[in-house]
1. Can you name the residue in region 323-341 that is over 26 Å from residue 109 (Cα atoms) and not hydroxyl-bearing (Ser, Thr, Tyr) and, of all such residues, is surrounded by the most Cβ atoms within 10 Å (Cβ to Cβ)?
2. Of the residues 158, 126, which single one is in a helix (DSSP H, G or I) and modelled with pLDDT of 65 or more?
3. Restricting to region 194-231, count the residues that are over 20 Å from residue 38 (Cα atoms), in a loop (DSSP other than H, G, I, E, B) and among the aliphatic types (A, V, I, L, M).
4. Do the conditions hold for residue 291, that is, is it surrounded by 14 or more Cβ atoms within 10 Å (Cβ to Cβ) and closer than 15 Å to residue 112 by Cα?
5. Determine, yes or no, whether residue 319 is under 27 Å from the mean Cα position of the chain (by Cα) and not basic (Lys, Arg).
6. What is the residue count in region 294-314 for residues that are surrounded by 14 or more Cβ atoms within 10 Å (Cβ to Cβ), closer than 15 Å to residue 358 by Cβ and either in contact with a Lys or Arg (Cβ under 9 Å, 6 or more places away or on another chain) or basic (Lys, Arg) (or both)?
7. For region 309-359, give me each residue that is charged (D, E, K, R) and farther than 25 Å from residue 62 by Cβ.
8. Which of the residues that make up region 342-368 are in a loop (DSSP other than H, G, I, E, B), surrounded by 13 or more Cβ atoms within 10 Å (Cβ to Cβ) and in contact (Cβ under 8 Å) with a residue 24 or more places away in the chain?
Amino acid sequence: MATVMQKIKDIEDEMAKTQKNKATAHHLGLLKAKLAKLRRELLTPSTKGGGGAGEGFDVTKSGDSRVGLVGFPSVGKSTLLNKLTGTFSEVASYEFTTLTCIPGVITYRGAKIQLLDLPGIIEGAKDGKGRGRQVISTARTCNCILIVLDAIKPITHKRLIEKELEGFGIRLNKEPPNLTFRRKEKGGINFTSTAANTNLDLDTVKAICSEYRIHNADITLRYDATADDLIDVIEGSRVYIPCIYVVNKIDQITLEELEILDKLPHYCPISAHLEWNLDGLLEKIWEYLDLTRVYTKPKGMNPDYEDPVILSSKKRTVDDFCTRIHKDMLKQFKYALVWGSSAKHKPQRVGKEHELEDEDVVQIIKKI
């Protein structure tokens, strides 16, 4: 492990020394590709030595969505967890190995949201210590990440945590790169760009590809992509997760400072101790999770508004709705009746491909 860490440090030092300009773009692109490969080795090390890298903990996903909390010690993370789970939760905490705990499940707007504390992510992961890798792997399964910061020194901590997460393939508040990458049998590297200007040139693209032993590929850019974007697409293991910067202890800063924080994108100022703006935080979590609530309506009965079926924004067809209720439901499916904003008229008769919207009501008609 030490050798991989040393190699990472050497490359980071060299990158820090290299001036960024057109002439060095090719060299920097190559270094970034080498770095990405080494970081992947850290996350998925070989098990030849029987070091038990694949062991660790598997936190069972419960509820409709998973939110991970990341932050340095003493930023008030545990206070925040206790207040949220104490105020909005019906479930107590469960202990779980020495490194991670699940404080509980918050029930909010009919959805059960699992809160997960990831304490080891900063202290262990970067140095390959302890069980940092497993913690990072757990972070990658979250639907939203809350980075909890201290209002007194938020920016330094924010940068350190972002660097840690980015280094292990977690992309915060970003969309996957709009870039087509296709390997082929022969014909060399074919690079085309429809962007007005681009950071990438053919030499840099070829250097990055050669580092991955890719000698034949078609690459098309549709916007001003960077070397990092190309590496992300080649690596293929990146996860794109919405992130909220939760700035705690706002009772200890001035009103002017608070007004600045409030204007920053993805920020949510709170005081966990005094329970200021916890409602605002929950609303923001809901917005970033982008969940869809769908109510069931049994034949001849009123809709069940107490217990919605929760769908993600990417999987919200009638097909997904049926699968979420029971895997055998589709076998008997004839059509569905839908009331709500996705329906052209009330009710609308639809098939399995119909896209549902938040707070729609659905009645499934089965084959006789």
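1. Taking the candidates together, the pick is 333.
2. One residue alone meets the criteria, 158.
3. 4
4. yes
5. yes
6. Total meeting the criteria: 6.
7. 331, 334, 344, 346, 349, 352, 353, 355, 357
8. Within region 342-368, 352, 354, 356, 357, 358, 359 qualify.
The values are calculated or read from the model by the stated rules, or taken from the named source; none is laboratory data. In this text the structure is predicted, and so the values were computed from the model without any measurement. For neighbour counting, all protein chains shown are included, and Cβ atoms are generated from backbone atoms with ideal geometry for every residue, glycine included.
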